[in-house]
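Asks: For reference, the structure I am asking about is given below.
The values are calculated or read from the model by the stated rules, or taken from the named source; none is laboratory data. Remember, it's a predicted structure, so these values are computed and weren't measured experimentally. Because the Cβ atoms are built from the backbone with ideal geometry, glycine has one as well, and the counts that use them run over all protein chains shown.
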Amino acid sequence: MSEILRELVRVSENAANIARACRQEEALFQLLIEEKKDGEKNQKFAVDFKTLADVLVQEVIKQTMGNKFPGLENKIFGEESNEFTNNLGEKVTIKVCATEEETAELLSKVLSGNKSASEALAKVVHQDAAFKDPALDSVDISISQEDLGIWVDPIDSTYQYIRGATDVKAKEGIFPCGLQCVTILIGVFDLQSGLPVMGVINQPFVSQDQNTLRWKGECYWGLSYMGINIHSLQLDISESSRIEKDSVAGCPHPASAVISTSEKETVKAALSQVCGGKVFWAAGAGYKSLCVVQGLVDIYMFSEDTTFKWDTCAAHAILRAMGGGILDMKGCLEDSAGQWRSLPDMPELLYNVENKGATGVDCWANKGGLIAYRSCERLATFLKRFVYFASVESHT
Ligand code: 2IP
Ligand code: CA
């Protein structure tokens, strides 16, 4: 299994290179934007976009994994379909061809024959990303490939990716919007239990060199399987938990949270009672969960049903490896009315069952909302207070 994780980290780096390359040329970027078709539309935005970069990234992930681990490509699921319609109304199925030249030829069909753009894209698609992480090399666990399924979100926060803001200022380390909120999400789950096993979050745009204007990214991974827990932030964690402990003692608002701008007013009101000024908002479901992974906040909470399995699986695996997880918010709050259950019984999000009676993307929506957390202790303290203030809010 460690082989699979290593390959996923490498392919996510490849994907990040494509995402970066597509943003470099504005003219090319304009050509890439296509409106999502009805069945595939995320109901949140009146206009949602599908980009060629999205589709390309997904195909690169699928095909690379399929070449290394035959059969695995059939168990990789995601939001995007690889059918693209060009300016002439022709349907083109995007895939990575055997040679760079053939891929360029295919891409030129969706790029109105723009030869230089197609060649530049094909080049980066066929480039092998160099990626080394010694911690990853020490992982040696085996699990049958047969038992695994994979959720992919090739570009999460598409809207921020398209807008491409580069000058947003972070608040206490958290970017409310901008290119930093874009992530590539790859989550591996157990087909039988539905629980996440491995996750990779690649953040392609972390810092920009002011001279070359080139972006550098970061990659985070985690693995949680049969009692073995390992993740890429292992070395930073003892230091950050010491700081966490120090900051909790005597603090009137012992929790912090990140939320979506579209969160309900009642939830926002209860959260500010619990967290005081430590409620931040940020774009991107992947980015918000990354803030929890990084320890920038304790909780990412969302009461709506507009996140999907591909938005949460990767972070969920990493958080499990850190001793946390992602829970179904509705189930969690119903339960917290009584006494708090122990972790094994908590309503974790699962990745192998469709929502009954739903159609299209809604089959894979996180219906009851979500609560992502890194520490069980902090979660318990947070929930007790949140349940109290939420009930006060609902009676006012
Ligand atoms: C979206 C994206 C949005 C998020 C939404 C996701 O995925 O991450 O930003 O909304 O839940 O489904 P919000 O930022 O309000 O949390 P995509 O960009 O891939 O459609
Ligand atoms: Ca998404």
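Asks: Residues in region 153-162: is at least one surrounded by 17 or more Cβ atoms within 10 Å (Cβ to Cβ) and acidic (Asp, Glu)?
Replies: Yes, region 153-162 has at least one match.
Asks: Looking at (1) exposed (fewer than 15 other Cβ atoms within 10 Å of the Cβ); (2) touching a Gly at 6+ places or on another chain (Cβ under 8 Å), find the lone condition where residue 221 falls short.
Replies: (1)
Asks: Pull up region 292-307, narrow it to residues that are in a loop (DSSP other than H, G, I, E, B) and of a type outside the set (D, E, K, R), then point me to the one that is nearest to ligand 2 (Cβ to nearest atom). Before you say what the answer is, go through the steps one by one.
Replies: The initial filter retains those residues of region 292-307 that are in a loop (DSSP other than H, G, I, E, B), namely 294-298, 303-307.
Keeping just the survivors that are of a type outside the set (D, E, K, R) gives 294-297, 303, 306-307.
Numbers: 294: 19, 295: 23, 296: 20, 297: 19, 303: 18, 306: 10, 307: 7 Å.
Residue satisfying both the conditions and the ranking: 307.
Asks: I need a count of the residues in region 256-282 that are within 14 Å of ligand 1 (Cβ to nearest atom), in a loop (DSSP other than H, G, I, E, B) and surrounded by fewer than 24 Cβ atoms within 10 Å (Cβ to Cβ).
Replies: Total satisfying the criteria: 5.
Asks: Does residue 50 count as charged (D, E, K, R), at pLDDT 90 or above and either closer than 19 Å to residue 313 by Cβ or surrounded by 16 or more Cβ atoms within 10 Å (Cβ to Cβ) (or both)?
Replies: Values: charged (D, E, K, R): yes; at pLDDT 90 or above: no; either closer than 19 Å to residue 313 by Cβ or surrounded by 16 or more Cβ atoms within 10 Å (Cβ to Cβ) (or both): yes.
No; evaluated as a whole, the condition is false for this residue.
One line per residue, one yes/no per condition, for (1) more than 16 Å from ligand 2 (Cβ to nearest atom); (2) more than 16 Å from the chain's Cα centre (by Cα):
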{"residue": "96", "(1), (2)": "yes, yes"}
{"residue": "107", "(1), (2)": "yes, yes"}
{"residue": "113", "(1), (2)": "yes, yes"}
{"residue": "134", "(1), (2)": "yes, yes"}
{"residue": "162", "(1), (2)": "no, yes"}
{"residue": "175", "(1), (2)": "yes, no"}
{"residue": "185", "(1), (2)": "no, no"}
{"residue": "188", "(1), (2)": "yes, no"}
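Asks: Looking at region 134-169 only, could you name the residues that are within 22 Å of residue 209 (Cβ to Cβ) and away from ligand 1 (no atom under 16 Å from the Cβ)?
Replies: Scanning region 134-169 gives 166, 167, 169.
Asks: All but one of (1) away from ligand 1 (no atom under 16 Å from the Cβ); (2) more than 22 Å from residue 323 (Cα to Cα); (3) not basic (Lys, Arg) hold for residue 179, so report the exception by its number.
Replies: Residue 179 satisfies all of (1) away from ligand 1 (no atom under 16 Å from the Cβ); (2) more than 22 Å from residue 323 (Cα to Cα); (3) not basic (Lys, Arg) except (1).
Asks: Tell me, which residue of region 60-98 that is of a type in the set (Ser, Thr, Tyr) and in contact (Cβ under 8 Å) with a residue 24 or more places away in the chain is nearest to residue 15 (Cα to Cα)?
Replies: In the first step, residues of region 60-98 are kept if they are of a type in the set (Ser, Thr, Tyr); the result is 64, 81, 85, 93.
Now drop any that are not in contact (Cβ under 8 Å) with a residue 24 or more places away in the chain, which leaves 64, 81, 85.
Values: 64: 11, 81: 17, 85: 22 Å.
Looking at residues that are of a type in the set (Ser, Thr, Tyr) and in contact (Cβ under 8 Å) with a residue 24 or more places away in the chain, I get 64.
Asks: I'd like to know if region 256-276 contains one or more residues that are more than 16 Å from ligand 2 (Cβ to nearest atom), at pLDDT below 80 and more than 19 Å from residue 320 (Cα to Cα).
Replies: No, region 256-276 has no match at all.
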